[in-house]
Each structure stands twice: as structure tokens, then as C-alpha cells.
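Input: a single structure, listed below in C-alpha cells.
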Amino acid sequence: MATQSYGLSGSGTPESGATGYGAPEPGEQKSTDPDQIRREIEATRAELANDVDRLADKASPKRVAQRNLDRLGSRVSSIKESVMGAPKSAGGSVRDSAQQAGSKVQETAAAGVRQGAAEGRRGRGLRAQRRVHGG
């Protein structure tokens, strides 16, 4: 009895000469041993189940949506880079921002200290004048 192939190839490809799940390679003889045939059937079932699982995973709406979202994110990043230029290294830009913020805080604090010192000197001068003039 001849085995009919429907053009499905398990792990083989048309280039490799595989003619279907469990089909013999060209020039290979099929076993007549019942135990060997059972093992081949089980191997074929496992290959087929694996292929069905891969196809189901590939066709899953959730997976399709995630792949499309990933592709869209890549395109947006590419467009952003072409418009704004390539991003600087994250470490360098964070470090630069932190240094700028630190410098600004130091400048503000120094200005506050100078202003407070000036006001303090004026306050002492006013108190001394009040004592002298009885005010």
C-alpha cells in the first residue's frame, strides 16, 4: 500500500527532500516491525503537535498585536532619531544634568548667604543707631 503525501513537511523542508510527516526519505525503506512503526507514529505525532502549537502561537491575536506594537515602537524610535538626532548616552546626560542642578543649588545658596549677611549688617547698624539716638 502506497503512502500518500499531502505536501506537509514536519521538521524537513522541500529542499531537504522530506515528503511529509513520517514519510521515508528517498531511497529509504519503511520498516515492517510493528514496534518501529509505533515509534515512528509517535514521533510523527510529536512533530505535528509541535507544528500546530507553533502555528497557534503565531496566529494568536495577542501575539499578533504584540508583534505589531513592537514594530510600531521601532518605527517611532527610528523617526524620532532621524528628526532629533541620535540620543546621547544615558549615563552622560544624567551626569551632566545632575552637575548642572548641583551648580545651580550652590549658586542659589551662595546668593542667599550673601543677601542674609547684608541684611544682618543693616540690621545691626539700625539697632546701633537706635541705641545712640535713643530710638
- Query: Any idea how many residues of region 66-117 are part of a loop (DSSP other than H, G, I, E, B) and modelled with pLDDT of 75 or more?
  - Reply: 1
- Out of 42, 15, sole residue that is assigned to a helix (DSSP H, G or I) and either modelled with pLDDT under 90 or touching a strand residue (DSSP E or B) at 6+ places or on another chain (Cβ under 7 Å) (or both): 15
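The values are calculated or read from the model by the stated rules, or taken from the named source; none is laboratory data. None of these values were measured; they are calculated from a predicted model. Note: ideal-geometry Cβ built from the backbone for every residue, glycine included; neighbour counts use all protein chains shown.
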